[in-house]
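Data first, discussion second: the structure below is written as structure tokens.
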Amino acid sequence: MTDRSSSRIPGRGRRRGDRGGRRRRAARAVAWSAGVLVLLGGSGLGYVYVKLDGNLRGIDIDRILGRDRPADTGGGSQDILVLGSDSRSGANAVYGRDGGGARSDTAMIVHIYPGRKAASIVSVPRDTLIDRPACATGDGKTVPGQRLAMFNTAYEVGGAACAVKTVETMSGIRMDHYIEVDFTGFKKLVDKLGGVKVTTTRPIEDARSRLTLAPGTHLLNGEQALGLVRTRESVGDGSDLGRIQLQQGFVKALIEQVRSIGLADSPKRLYGLADTATRAVTTDSRLDSVRALIGFADGLKDLDAAHVRMITLPVSYDPADPNRVLPIPSGTEQVWTALKQDKPIPASATQDSEGDSGDAHGTVKED
């Protein structure tokens, strides 16, 4: 965690006339999460910054991983690993028992292009079989690597730093930041936003995710939104790939919802959302302060869903196990090369992928 000394407290000695500007800047920074990024609201009062800073949890991933990482290529782009954690401990216990430790239920690699007006998001199926690298745990220990391990075991055995290490090993791309949201935090964020409007084109009824939706337009509350992004058995072929397609549709709806709400004229609502967001997320240590998050999110104010391309990592079903998928080398290489060069991901990268061909596409309609 970063130092939370009083030297970081803004607001002391500033003019009262600055508050409107600070509120407008904070209103641009209200959080996208679980899905993608975290927009965060703040207040011009110093004690509020201190309280919100105290909500945040940070992980010093740079220290844990050390120097054995891809080079930071610069150029103005940013790469962020966003994870949804499916731990069943604490308030999350209502969703079932842990099969062990917490796992990464959702994983998205977010590439923000130079200029911060466009982004590509690559969803990684949790059942993808990869060669997991050996990972430092931060307490002097090392978790051994494993061939053909499920992607989500990286988080389970080595936490956030191992998840980052695994993504960097797969892609050759250095992650600039890390953001994690768990089940309960996700629900609370959606509720604080006033719900998220989605339009479904077919009925969804999934007992495991506790969701029943008829075709049509719905304002989803937090519980329903969580059910949607967890649904897999009643869409597509019932696999994780169909679930990812629902998640991608929801994330675009969430981005539009965040852009449409007005917070500048409601400091109370802004503070409530900021308080919820800072309690909901875990970040890398370079983002674990209100000031850092506001600066990060304010740079994304011109990004809208129309300029966000979402794909699933190019994969095919494992011939030896239909419940697992394998990366397609030619497709994944095209994806990583495009992101390294700050270019759009070519359509040819996913043309043979099971991940972008499932019949769950279009279940959540994009406006």
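Would you mind checking the pairs Lys192/Lys268; Lys165/Lys301; Lys117/Lys340; Lys165/Lys252; Lys51/Lys165; Lys197/Lys252 and listing those with alpha carbons more than 21 angstrom apart?
In this structure, Lys165/Lys301; Lys165/Lys252; Lys51/Lys165 lie more than 21 Å apart at Cα.
Please list, in order along region 279-296, the HN-Hα scalar couplings obtained from phi with the Karplus expression 6.51 cos²θ - 1.76 cosθ + 1.60 (θ = phi - 60°), rounded to whole Hz, x for Gly and Pro.
Whole-Hz 3J(HN,Hα) from phi for region 279-296: 7, 7, 10, 10, 10, 5, 5, 7, 10, 8, 9, 4, 4, 5, 5, 5, x, 5.
Based on the Cβ-Cβ distance of Ser260 and Lys117, what FRET efficiency does E = 1/(1 + (r/R0)^6) give at R0 = 25 Å, to the nearest 0.05?
Here the calculated transfer efficiency is 0.90.
Two decimals, Cα atoms only, Kirkwood Rh: what is Rg/Rh over region 237-310?
Computed over Cα atoms, the ratio is 1.03.
If you keep only loop residues by DSSP, which trypsin sites (Lys or Arg not before Pro) in region 149-202 have at most 16 other Cβ atoms within 10 Å of their Cβ?
Arg174
Compute the signed sum of charges (Lys and Arg +1, Asp and Glu -1) over the other residues within less than 11 Å, Cβ to Cβ, of Thr212.
-1
Read-outs throughout are calculated quantities, based only on the coordinates presented, and are distinct from any laboratory measurement. What you see is a predicted model; the values in this text were computed from it and never measured. We place every Cβ from the backbone using ideal geometry, glycine too, and count neighbours over all the protein chains shown.
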